[in-house]
Ligand SMILES: *Cc1c(COP(=O)(O)O)cnc(C)c1O
């Protein structure tokens, strides 16, 4: 197999597929296509909701990057999540989900899908015994994330898959791979049935497209995903597919740089006297550093840390930052910072936040692609001004 970067640049991009031999996939804004004769459209394209050449070239690339047969893109990560659950579940089924779940997925599981007579069991999936005992005959879907957000806790994906697959109800395992992207983690190789991503984050990487994907080798699931892509219509525009496809061309280069900057920032913060705790799987001090090295190909650009002090220290620190932007989301070329307890995880009940260690002094950083020295200098000067008042 070709290496990742080569596949990202070439898969699905062959100029021979276009009449004009365009080296870059054209943006086909057409919603409909002329047919040769009734029911005989060129290349199977009859209406853009069902299929579009710009979308196809992105989907081909995404599938090949995970050495998979099938990839489907949707209008957001949440749309991909919603399509996955609609394809897999029926009334009366149960979902077993990791307790430390992305807030939007948590909201969808506990306030949307539950109204269709589907129950959700939230489990601390770092404890394999708890996973084993939480599986029921009705469990049809196991939903994992690793590392989690914002505490950057890992779960052993292949160990969980082997427990799940030996259960008689044979639930489908979906891994939300958004935090790692397919460059740093390959869920299908770890035994998962479906690799889900919010492409909005690292894969597009430029903070200007909302999109999600489902990648699988299972023909039965692929048929359902394709049917629901057509039937529900939560599809991205051809222009967004073009942009995401363009972002994909530099994913490997960006991820290496995100990792290099994040590791430098994590090491700097870890030795700083005003920092209580740094959470970054790439640090040997991370409790699951060995698992991270075994399961992933790298450590991404996400890190969290707890500042010494209280909520007012956090506020002073944030006010002093010059390069980091206070904003939700992650995975773009620019460095972002947020306070999960007040922003992304505000909807998590206070007692659950306390249990997960999401305090007012915990900040989550998406380390961007600015020069390493500038990132560290910004953190350093902001730490200084947060303590001097
Ligand atoms: C952002 C995100 C999502 C949702 O994706 P959208 O593209 O915003 O709909 C799902 N899971 C994780 C881990 C995310 O970070």
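Here are a few things to note about the model shown:
- Under the shape rule built on the C-alpha gyration tensor, where the axes satisfy a ≥ b ≥ c, the stretch 129-178 is prolate, since a/c reaches at least 1.5 and a/b is greater than b/c.
- Acute angle (nearest 10 degrees) that the helix 238-248 long axis makes with the longest principal axis of the chain, alpha-carbon atoms: 50
- A simple packing score, the average count of other Cβ atoms within 10 Å per residue, orders the peptides 102-109, 166-173 as 102-109, 166-173, with the highest score first.
- Cβ crowding within 10 Å averaged over residues, with 80-87, 132-139, 256-263 ranked highest first: 80-87, 256-263, 132-139
- In terms of other Cβ atoms within 10 Å, 119, 224 run from fewest to most in the order 119, 224.
- For the chain, adding -39500 (n - 2.57) for each run of n ≥ 4 DSSP H residues and dividing by the number of residues yields -11000 deg cm²/dmol at 222 nm.
- Rough spin-label spacing in nm, given labels placed 7 Å along Cα→Cβ, for residue 115 and residue 86: 1.4
- Against the chain, whose longest principal axis is taken from its Cα atoms, helix 77-88 shows a tilt of about 60°.
- Label zone at residue 24, where the point sits 7 Å out along the Cα-to-Cβ direction: the stretch 205-220 residues whose backbone N lies under 18 Å: 205-209
- The fewest-to-most ranking of 358, 163 by surrounding Cβ atoms within 10 Å reads 163, 358.
- Choice from 206, 289, 36 showing the highest fluctuation, given a GNM over the chain with Cα pairs closer than 10 Å: 36
- Working note: Debye formula, equal point scatterers on the alpha-carbon atoms of the stretch 1-120, no solvent; log10 I(q)/I(0) at q = 0.11, 0.14, 0.15, 0.16 Å⁻¹ is -0.57, -0.81, -0.88, -0.93.
- If you take the Cα centroid of the stretch 240-293 and the Cα centroid of the stretch 90-125, the two points sit 29 Å apart.
- Along its first, second and third principal axes, ordered by size, the chain spans 76, 51, 36 Å in Cα coordinates.
- Antiparallel content of DSSP bridges confined to the chain, in %, to 5: 55
- Note on the chain: GNM, Cα springs under 10 Å; of 233, 51, 43, the largest mean-square fluctuation is that of 43.
- Across 304, 226, 285, mean-square fluctuation computed from a Gaussian network of the chain (C-alpha pairs under 10 Å connected) peaks at 285.
- Distance from the C-alpha centroid of the stretch 302-323 to that of the stretch 191-214: 28 Å, rounded to the whole angstrom.
- Estimated FRET transfer efficiency when R0 is 22 angstrom, pair residue 16-residue 226 (beta carbons, to 0.05): 0.35
- Gyration tensor (alpha-carbon) shape descriptor, the stretch 305-388, a/c threshold 1.5: oblate
- DSSP bridge pairs, the stretch 1-140: antiparallel proportion in percent, nearest 5: 35
- Considering only the stretch 170-247, percent of DSSP beta bridges that pair antiparallel, nearest 5: 60
None of the figures in this text is laboratory data; all of them are computed from the coordinates on show. All figures in this text were calculated on a predicted structure; none of them were measured in a lab. Please note: Cβ atoms are built from the backbone with ideal geometry, for glycine as well, and neighbour counts cover all protein chains shown.
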